[in-house]
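What follows is calculated from the coordinates using simple rules that are stated; it is not laboratory data. Owing to the predicted nature of the structure, the values given are computational and were not obtained by experimental measurement. So basically every Cβ, Gly included, is an ideal-geometry build from the backbone, and we count neighbours across all protein chains shown.
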Amino acid sequence: MKRISLLILTLTATISVATAQTTVKPAPAETKDKTSFEKFYDRMKITYLGFLTGPGTGDAMDGQFKYASTSPETEAKELGKNNRDALPTNVYNQIAFNYNFGAKMNFVFIPRFTIPLASTENLEGGDQGFITLEDFLVGFQGVVYSSDNKKFNLFIRPAVRLPVSQGSRNSSNDKLGSYTHQTDLLIAPSYTFNEKWELGLAGQIRTYIIEDRYNETRNRLGFFPSLTYTIDEFSSVAVNYEVLLENSRRRESLNNKPTVYKDIWQNAYVGYARQVTEKLNIQPFLSVYVNDGPIDEDSFWVGAYFNYKIK
C-alpha cells in the first residue's frame with residue numbers, strides 16, 4: 001500500500017519562523033473478515049461440460065437431423081441397424097461443483113440434464129419438453145497417486161447417481177421394484193510419455209440397485225482407452241475407444257439365472273480439441289460404432305464436447 005503524502009506542519013514563534021516536515025505513516029487498512037460462505041466459495045471450482053450427440057452421417061447427408069445416433073442396443077444390433085428412434089439430436093449437460101476441503105480427493109456434486117435440439121413429439125412417450133432431468137451424481141474425486149516424475153497418475157471417482165430423473169421406475173411390476181439407485185466407480189490411470197503424448201486407461205463399474213435388494217441385479221462395465229497428442233499449448237488430437245458390457249436384465253437376475261455380460265456397444269472416435277479462450281475448450285469429433293454391423297454410413301456420426309470453467 002502506497003504511503004500518503006507528507007504532512008507539513010508550520011510552527012511560528014514570536015520573532016523567528018521554524019518549519020518542520022514530518023512523514024506520517026498511513027493507518028493500517030482494516031481487514032474485513034471473510035464470511036463462512038466466502039471461505040466456502042473460495043474452495044469451490046465450477047465447470048460446465050456439454051456433450052452434443054448428432055445424427056448418423058447417413059441421416060445428415062439426407063438432411064435428416066431429427067434423431068440422435070445412439071448406441072446399438074441388442075434388439076437393434078440383431079437387425080444390423082443402429083437404434084436411432086430413442087432420442088432426438090440433443091446436448092447432454094453437466095455442471096460440476098468441485099469442493100476442496102483439504103483432503104486428497106475433492107467432494108463433487110454434478111447436476112445433469114438433456115436439452116433436445118429437435119422435436120420429440122413423435123417419439124415414444126410423446127413430447128419430452130425443453131429440458132429432461134437426468135440422474136445427478138454425488139461423490140468424491142481426485143488424483144490419489146502420482147509417480148515421482150509425475151508421469152503416471154491415478155484418478156478415481158467413487159460416486160452415487162441419485163434417482164432424480166424419474167421418481168418411480170417399473171412401477172407396473174412390483175417384483176422389479178420402484179426406485180433405482182446406482183453406484184458408480186470410475187478408475188482412470190494415465191501415463192505421460194513426454195510433452196506430446198499421453199495414454200489414458202479408464203474403467204467404470206456401474207451397479208443398479210433396485211430398492212433394498214443389494215445384489216448384482218444389473219450392472220455395467222466400461223473400458224475407455226485413449227491416446228492424446230498435444231499439437232501446441234492451445235490444441236490437441238485424441239483417439240478414443242469405448243467398450244460397454246452389461247449383465248443380464250433385471251427379470252433374468254430375479255430368477256437366479258447366471259450373470260451374462262452382453263456387448264452393449266463398442267465405439268471409436270477421433271477428436272480435435274481447441275482452447276478457444278482461457279476458460280472455453282471445444283472438441284468436435286467423428287465417431288463410429290464398430291460393433292454396429294455391417295458398418296455403413298449410419299454407423300458413423302458426429303458430436304462435440306464443450307468444457308467451460310465457470311469458476
Fewest to most Cβ atoms within 10 Å: 131, 156 sort as 131, 156
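What list do you get for 274, 161 if you sort them by fewest beta carbons within 10 Å?
274, 161
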May I ask you to derive the FRET efficiency for residue 101 and residue 261 from their Cβ-Cβ distance with R0 = 35 Å, giving the value to the nearest 0.05?
0.40
Holding the Cα-Cα limit at 27 Å, pick out from 34/151; 32/311; 150/279; 151/262 the pairs that are longer than that.
34/151; 151/262
If R0 = 51 Å, then residue 286 and residue 33, at their Cβ-Cβ distance, give a FRET efficiency to the nearest 0.05 of 0.45
So for 310, 95, fewest C-beta neighbours within 10 Å to most, what's the order?
310, 95
